[in-house]
Structure formats: C-alpha cells, structure tokens
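Written out below as structure tokens is the structure these notes cover.
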Amino acid sequence: MIKISNKKTDKNESFGEVFTRVPNSFIRGHSKDIKKRTILVYIYLDTYRNLNNIVNFSLYHLIRSCGYVSNEKTISINNDFKSILEFLYDNQMIEFLTSFVDIKGNSLSQIKLLDNFDCVDNFTKITLNETDTLMSKSQNIDKTILFSIYLYMKSFMINRPLTSDGEEYKNAYERPSSFFGTYNSLINSLGYSKSTIKKCFQEFENIGLLKKYETGSYFVTFNGVSKKINAPNIYVLNNDKSDQEIEWTLDKLKQLYNVDKFYKIQNKKG
C-alpha cells in the first residue's frame with residue numbers, strides 16, 4: 001500500500017510533508033449522524049489510498065490502525081466502523097469495490113475514494129507526523145477522544161498565507177496561530193468532561209505536539225466591585241514559531257479584554 005496525501009504540499013508546508021485535510025464538519029459538527037471515529041477512518045483512508053485513489057484494506061487492519069482491538073469477538077466495534085464506511089458511502093465520498101456485506105475480518109477489501117472525499121475548503125490539516133505521534137506516543141487515552149480534541153484545537157489555529165518568498169506578511173501579528181478557548185467551549189462542543197479535556201491537553205504537551213502558556217488573570221469591574229478573572233491559557237504548535245505565536249496571541253488577548261497586562265493565576269485549582 002502506498003501512503004500519499006490527498007493534497008500534497010503548498011508554499012506554507014515544508015517540502016515533502018504529507019498531510020490530510022480533515023473536513024471541519026467532522027471536527028466541529030454537531031450532527032448525531034457524524035460519529036467522532038469518522039475522523040480516524042477518514043485519515044486512514046486518505047493515508048492508505050494508492051495513486052488510483054483505491055484503498056486496499058481489511059476491516060481488522062482499519063480498526064487496529066485506528067487504535068482499537070478488533071477480532072471476531074469485538075462485534076460492536078466492528079459494526080461501528082462499518083457504519084462509518086456506510087456513512088461515507090451515503091455521502092458520496094467513497095464507492096465500495098468490494099460488496100459492503102463482504103467487508104469483514106481479515107478479508108482483503110477495496111474502496112475507491114470519490115471526488116467528494118477530498119476536502120477543498122473548511123478543513124484542518126493533520127500531518128503524517130502528528131498522526132503517528134498521537135498513535136504511537138499516547139498509549140493511555142482513547143484515540144477517538146485524543147484526535148477529536150486535538151483537531152478541534154488545531155481547527156482554530158490559523159494557517160496564514162506566506163509571501164512568494166515563503167516569508168510572513170507584515171500584518172501576520174494580527175492573525176496569531178493559536179488556541180485559547182475555554183474548557184466550557186470544548187465541553188459544549190465535544191461533550192467530554194473537563195477532566196478528560198485537561199488530561200488530553202497535558203498529553204499533547206507531554207508528547208511534544210503543543211506548547212502551553214499560562215496567560216494569567218485580569219481585573220474586571222461588576223457593579224463597582226473589581227475582581228480578578230482568569231484568562232484562558234494559550235496553546236500553540238510546538239515548533240520554531242511557538243514563542244512568536246504566543247507573543248502575538250497575548251497582544252490579541254490584551255486588546256480583547258482591554259487590559260495592559262495579565263497577573264498571576266487567580267485561585268487556580270488542579
């Protein structure tokens with residue numbers, strides 16, 4: 001099987017970097033028809049497509065590659081992954097070259113990716129390196145949860161265009177590539193508990209994908225009474241631009257909250 005990307009590289013990407021463009025409707029979608037594991041299946045199909053957009057696979061290999069145990073006894077999870085394939089088929093993203101009923105166990109099956117599969121707008125990129133890191137270095141968190149939270153965070157990290165020389169535009173500071181959403185925003189959007197989200201945040205730091213900056217607190221006045229409120233932490237991709245992105249995001253948050261500086265975390269718990 002040949003690993004290629006559905007959209008290879010552009011001037012914002014390192015030469016030769018392989019990535020998948022995951023539809024934001026899968027990442028931020030609220031529809032009950034879209035299962036969170038759809039993200040994993042989508043990345044798998046894109047990763048293992050050949051030059052003719054055909055994926056040669058077995059059901060067990062698909063499931064195990066997504067981080068789950070699969071055998072003849074795991075009927076529920078086997079059916080769940082087959083239902084995701086059926087969802088992609090119903091949305092005209094894939095075509096079954098092997099009969100749907102014959103996709104089972106270790107049997108070799110084939111799927112063809114259709115034009116609708118490749119997302120051309122409203123997507124979030126995840127590189128092969130990020131996928132491999134999440135799969136191989138994180139052993140204690142369900143991969144569905146891990147990928148859905150990571151991609152949700154990354155979907156807010158702006159992919160700024162560069163000049164023809166590969167340099168930042170002069171106004172790049174106005175669009176920092178960072179995530180500074182609150183826990184409640186993820187709870188409401190993804191339905192996970194605060195403890196689960198915090199565990200994933202810590203994991204992203206531990207495996208080296210994201211860098212965290214504790215923003216601190218700021219003063220607000222309610223009915224003439226001044227009190228401190230904690231601003232959300234800043235998360236950026238862990239690369240050579242991390243510190244710059246944090247600095248630009250801090251400036252943006254100061255404008256957002258109309259403050260000149262941030263203070264120590266107020267009554268931080270956990």
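What follows is calculated from the coordinates using simple rules that are stated; it is not laboratory data. Quick caveat, the model's predicted, so the values are computed rather than measured. Positions of Cβ are generated from backbone atoms using ideal geometry, with glycine treated the same way; all protein chains shown enter the neighbour counts.
Karplus couplings for the stretch 60-66 from phi (6.51 cos²θ - 1.76 cosθ + 1.60, θ = phi - 60°), rounded to Hz, Gly and Pro as x?
Values, residue by residue: 5, 5, 4, 5, 5, 5, 8 Hz.
Counting only GluC sites (Glu not before Pro) that are in a DSSP loop and have at most 12 other C-beta atoms within 10 Å, tell me the longest site-free stretch of the chain.
The longest such stretch corresponds to 168-270.
What are the ³J(HN,Hα) couplings of the stretch 172-181, residue after residue, when phi is run through the Karplus curve with 6.51, -1.76, 1.60 and θ = phi - 60°? Round to Hz, x for glycine and proline.
After applying 6.51 cos²θ - 1.76 cosθ + 1.60, I find 4, 4, 6, 10, x, 9, 7, 10, 9, x Hz.
Rounded to the nearest whole Å³, what is the per residue volume of the convex hull around the Cα atoms of the stretch 19-123?
Enclosed volume per residue, from the Cα hull, is 99 Å³.
For the stretch 103-173, what are the per-bin percents of Cα-Cα distances with bins 10 Å wide, up to the bin holding the maximum?
Distribution as computed: 14, 27, 37, 16, 5, 1 percent.
Considering amide H positions built from the backbone, and no H for Pro or chain starts, which residues 5 or more places from Thr124, or on another chain, come under 5 Å of its amide H?
So Thr124 has HN proximity to Val22, Asn24.
Please quote Rg/Rh for the chain to two decimal places, taking the Kirkwood radius as Rh and restricting both calculations to Cα atoms.
Using only Cα positions, Rg/Rh for the chain is 1.02.
Mean separation of Cα pairs under 8 Å and 6+ residues apart, divided by the residue count of the stretch 156-257: what relative contact order is that in percent?
Relative contact order, the stretch 156-257: 27 percent.
With 30 Å as the limit, write out which pairs from Lys198/Lys264; Lys73/Lys212; Lys212/Lys261; Lys35/Lys252; Lys36/Lys170 have Cα-Cα distances beyond it, or answer none.
Beyond 30 Å between Cα atoms: Lys73/Lys212; Lys35/Lys252; Lys36/Lys170.
Please list 218-229, 98-109 highest first by mean number of surrounding beta-carbon atoms within 10 Å per residue.
Descending mean neighbour count gives 98-109, 218-229.
In percent, how large is the relative contact order of the chain, given Cα pairs closer than 8 Å and 6 or more residues apart?
16 percent
Counting Lys and Arg as +1 and Asp and Glu as -1, each charge on the Cβ, what is the dipole of the chain about the Cα centre in debye, to the nearest 20?
1060 debye
Please list the non-local residues whose amide H lies under 5 Å from the amide H of Lys104, H modeled 1.01 Å from N, same-chain partners needing a gap of 5 or more.
Placed amide hydrogens put Leu59 under 5 Å from Lys104.
Place a label point 7 angstrom from the Cα of Glu72 along the Cα-to-Cβ direction, then list the residues of the stretch 98-128 whose backbone nitrogen is under 12 Å away.
Those under the cut-off are 105-106.
What length, rounded to one decimal in nm, is gained on full extension from Lys199 through to Asn79, with 0.36 nm per residue of separation minus their alpha-carbon distance?
Roughly 40.3 nm would be gained on extension.
Which far-off residues, 5 or more places away or on another chain, put their amide H under 5 Å from the one on Ile94, with H placed in the peptide plane?
Tyr89, Leu114
Quick one: net charge of Lys112's neighbours, Cβ under 12 Å, K/R +1, D/E -1?
It works out to a net charge of -1.
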